[in-house]
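Working notes, beginning with the structure itself.
The values are calculated or read from the model by the stated rules, or taken from the named source; none is laboratory data. Everything numeric in this text was worked out from a predicted model, so none of it was measured. A quick note on method: Cβ atoms are made from the backbone with ideal geometry, for glycine too, and the neighbour counts reach across all protein chains shown. Each accessible area value is taken on the protein alone, full model and side chains, heavy atoms only, with ligands, DNA and RNA left out. Shrake-Rupley method; radii C 1.70, N 1.55, O 1.52, S 1.80 Å.
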Amino acid sequence: MYGLVLEGGGAKGAYHIGALKAIEELDIEISAVAGTSIGAMNGAMFVQGKLDEAYQYWYNVSTSQVLDIEDKYLSELLNLTINQDNLVYFIAKAKEVLQNKGLDNSYLKSLLKENVDEKLLRSSDIDFAIVTLSLSDFKPLELFLEDIPEGKVVDYILASSYLPAFKMERIDGKILIDGGFYNNLPINTLLNKGYKKLIAIRTYGLGDIGKKVDEDSEIIYINPSEYLGRMLNFDQENARRNIKMGYYDTMKYFKNLSGKKYYINQTEAENYFLNFLLDISEADKKELLRQFSFPDEAYQRSFFENFIPKLVNLLDLDHKADYGQILVVLLEKLAEKNNINRFEIYQFEKLLKLVRINHQKKDKSLRKKLPSFIKTSKLLPKQLKEDLILDIAEKIFLA
């Protein structure tokens, strides 16, 4: 059984939901949950067995609901696009915030009151903790359910997510703010309680991260494979993407899937990939060698001794990467270029087939004009590097 740690991060919390869906499907037993800010909210839903309800809220979320700011204007504000058309709106909103002594949090409060059943939460077999920080006496609070007064659970969960911009309320005579100012990833909260095996779901939200204090513990980190967006960007499309990412990133870890960006169930033995490389035609191998000014006499030997290490370097792989890892990452480049859906678990040959069906040739005129000393340089501009990798991938997979 595992303890589960959910990092704070505002709108990035959609990632938690996908990860929790995967954990549920994988039948991983969870004995405790600790969360900060949005991690506390999502954690409460999970502990109650209300993951489906949480999923529906996140799947249909919008910025205007959560922050009481119209999506159009928030997008313009985040991009610093302030003009005559929106200036009046921002001035009026600023006055409203000042009069209310902070951003309105009524939506989050009503959401929690509707969905957090304190009796259900307290009767769960799963231990539950939240983190907040008291401004009144400058003390961090790592609170398990038994530490929270009866009837106050919703208040304390909400307090865990009180950014200073939100309207603050006193709870038991104290002003509490977002727990991320103390520990945004409360691993120590569970370690100190005696839980040794933990799954920590990251969002890379703002805030301090507690350091691991127990060398005997086992901590699995589920890390986002791409940037999750801004903390206050509750855009529906972004939330749905992050739910999928959380699900597949978690599956990737526990199912040992390959790939940097895609999710590939690599069942083929190393000999399959070696034979794939051996089967590349003599003409294509020699062209690749000449492209990088490598000798093409004894081309097979030169291909494996000179070209393959160069390819590993271009792909930013460890020098110990095997042929399967090299070909998987190279194939991902073509899959991404051809806009093939990344949120699916693929077999290598299925992804290769899709690439071949959907491939659109890239204009190579620029690459043909490049001097060989630029192609062999270790300090290639990013776009040129990507173009060279795509050119190699086309020769290997599509010739």
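In segment 320-341, of all residues being over 21 Å from the mean Cα position of the chain (by Cα) and closer than 14 Å to residue 396 by Cα, the one that is most open to solvent (accessible area, probe 1.4 Å) corresponds to 323. Counting only residues that are touching a helix residue (DSSP H, G or I) at 6+ places or on another chain (Cβ under 6 Å), hydrophobic (A, V, I, L, M, F, W, C) and open to solvent by 40 Å² or more (accessible area, probe 1.4 Å), segment 259-302 holds 2 of them.
Of all the numbered requirements in (1) touching a helix residue (DSSP H, G or I) at 6+ places or on another chain (Cβ under 8 Å); (2) open to solvent by less than 70 Å² (accessible area, probe 1.4 Å); (3) modelled with pLDDT of 85 or more, residue 113 misses one, and that requirement is (2).
Do we have residue 39 as buried (at least 24 other Cβ atoms within 10 Å of the Cβ), touching a helix residue (DSSP H, G or I) at 6+ places or on another chain (Cβ under 9 Å) and of a type in the set (Gly, Ala, Ser) here? Taking the combined requirement at face value, the residue satisfies it. Return yes or no: is residue 159 farther than 27 Å from residue 28 by Cα, crowded, with 19+ Cβ neighbours inside 10 Å, at pLDDT 85 or above and not polar (S, T, N, Q)? When the stated conditions are applied, residue 159 passes them. Close contacts from segment 147-163, counting a first residue that is under 16 Å from residue 39 (Cβ atoms) and a second that is open to solvent by less than 20 Å² (accessible area, probe 1.4 Å) and charged (D, E, K, R), with Cβ to Cβ under 9 Å and a gap of 6+ residues or different chains, come to 159/178; 160/178; 161/178; 162/178; 163/178. In this structure, residue 125 qualifies as assigned to a loop (DSSP other than H, G, I, E, B) and within 14 Å of residue 33 (Cβ to Cβ).
Within segment 9-36, the set of residues being open to solvent by 10 Å² or more (accessible area, probe 1.4 Å) and either of a type in the set (Lys, Arg) or within 17 Å of the chain's Cα centre (by Cα) (or both) comprises 10, 12, 21. Remark: pairs (first residue in segment 310-323, touching a residue at least 24 places away in the same chain (Cβ under 8 Å); second residue among the aliphatic types (A, V, I, L, M) and open to solvent by 30 Å² or more (accessible area, probe 1.4 Å); Cβ separation under 6 Å; 6+ apart in sequence or on different chains) = 323/274. Looking at segment 10-103, the helices (runs of 4 or more DSSP H) lying wholly inside it that each contain 2 or more residues that are at pLDDT below 55 sit at 71-78, 84-100. Among the residues of segment 116-143, the one identified as open to solvent by less than 40 Å² (accessible area, probe 1.4 Å) and without any contact (Cβ under 8 Å) to a residue 24 or more places away in the chain is 143.
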